[in-house]
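Step one of this worksheet: look at the structure below.
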Amino acid sequence: MAPRRAAGSPPELHVSQMTEMLRIVIDRLVAAIALALLSPILLVAAIAIVWGDGFPIFYRQKRIGLHGRPFWCLKFRSMRNANTGTSITASADPRITAVGAVLRAYKLDELPQLLNVVRGEMSLIGPRPEVPLFVDTKDPLWRCVLSVRPGLSDLASLVYRHEERVLAGASDPEKLYRSEVLPRKLRLSTFYIQNRSAARDLKLLLLTARYSFLPVGFEPQRVLRSFSYTEEP
């Protein structure tokens, strides 16, 4: 017979729950420190956005997070005010501002999402949150992806860091994204979730930083091999 828990003592936590709680604490702490360290870059980006195209500085978009819950994902605004059109963006999109093009090239437009991490809506490492239009909760791959917090980066977003260039050559970028790019990204994200470890998270975080600030020499296939992914992305 299992020993009885003393009255008033806290319930035992499953190891995976404790790991997730620790990850959340670390994510929030690292994100807060990163915001402080990167504050000069954030300030310069904010001033450049206002100088080039006026206010607002930030852009909020509804994305789908953990367990299918929506949240407001933050970005530096990289498109012109009152822009309309598809939610998919290809390179050379006329809606992108001159400052926005630079921010997007180095993924600096994503830095405000560190605030989403501090608020517990996102993690440092996790599948990129998607807009509701493309989320299918009946799909097993989507159910796996939505079982974890979305993140600033994961294997799929790193491999497809030049996604906008891929979409630029299509007559219908949204169709290409929905039919080919998104399914591949879901498979990559699912693979990473099923093979995740602290060491791999750290490796992915360092690679993301390296290729964001120094994108020269980026090779998707080499990244995939380094994570032992052998299927076609």
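Annotation note: of 210, 165, 200, the sole residue that is out of contact with any helix residue (DSSP H, G or I) (no Cβ under 7 Å at 6 or more places or on another chain) and at pLDDT 95 or above is 200. Can you tell me which residue within the range 83-110, out of those that are surrounded by fewer than 16 Cβ atoms within 10 Å (Cβ to Cβ) and over 22 Å from residue 39 (Cα atoms), is modelled with the highest pLDDT? Of everything passing the filter in the range 83-110, 95 is modelled with the highest pLDDT. Here 60, 69, 80 are screened, and the one residue that is touching a strand residue (DSSP E or B) at 6+ places or on another chain (Cβ under 6 Å) and free of Cβ contacts under 8 Å to residues at least 40 places away in the same chain is 60. Just one residue in the set 187, 161, 178 is in contact with an Asp or Glu (Cβ under 8 Å, 6 or more places away or on another chain) and closer than 27 Å to residue 133 by Cα; that residue is 187. Applying the condition of being surrounded by fewer than 21 Cβ atoms within 10 Å (Cβ to Cβ) and in contact (Cβ under 8 Å) with a residue 40 or more places away in the chain to the range 111-120 and asking which residue is nearest to residue 211 (Cα to Cα) yields 115. Taking first residues from the range 214-233 that are under 10 Å from residue 191 (Cβ atoms) and partners that are among the charged types (D, E, K, R) and outside any loop (DSSP other than H, G, I, E, B), the Cβ contacts under 9 Å between residues at least 6 apart in sequence or on separate chains come to 227/200; 227/203; 231/187; 233/184; 233/185; 233/187.
It is to be established whether one or more residues within the range 146-160 are surrounded by fewer than 19 Cβ atoms within 10 Å (Cβ to Cβ), in a helix (DSSP H, G or I) and either hydrophobic (A, V, I, L, M, F, W, C) or modelled with pLDDT of 95 or more (or both). So far as the range 146-160 goes, no, none of its residues is surrounded by fewer than 19 Cβ atoms within 10 Å (Cβ to Cβ), in a helix (DSSP H, G or I) and either hydrophobic (A, V, I, L, M, F, W, C) or modelled with pLDDT of 95 or more (or both). Checking 211, 229, 177 one by one, the residue that is surrounded by 16 or more Cβ atoms within 10 Å (Cβ to Cβ) and outside any helix (DSSP H, G or I) is 229 and no other. Just checking, which of 184, 200 is surrounded by 13 or more Cβ atoms within 10 Å (Cβ to Cβ), of a type in the set (D, E, K, R), within 30 Å of residue 25 (Cβ to Cβ) and over 14 Å from the mean Cα position of the chain (by Cα)? From the options 184, 200, the qualifying one is 200.
The values are calculated or read from the model by the stated rules, or taken from the named source; none is laboratory data. A quick note: this is a predicted structure, and the numbers were derived from the prediction, not measured. No Cβ is skipped: glycine too gets one built from the backbone with ideal geometry, and neighbour counts run over all protein chains shown.
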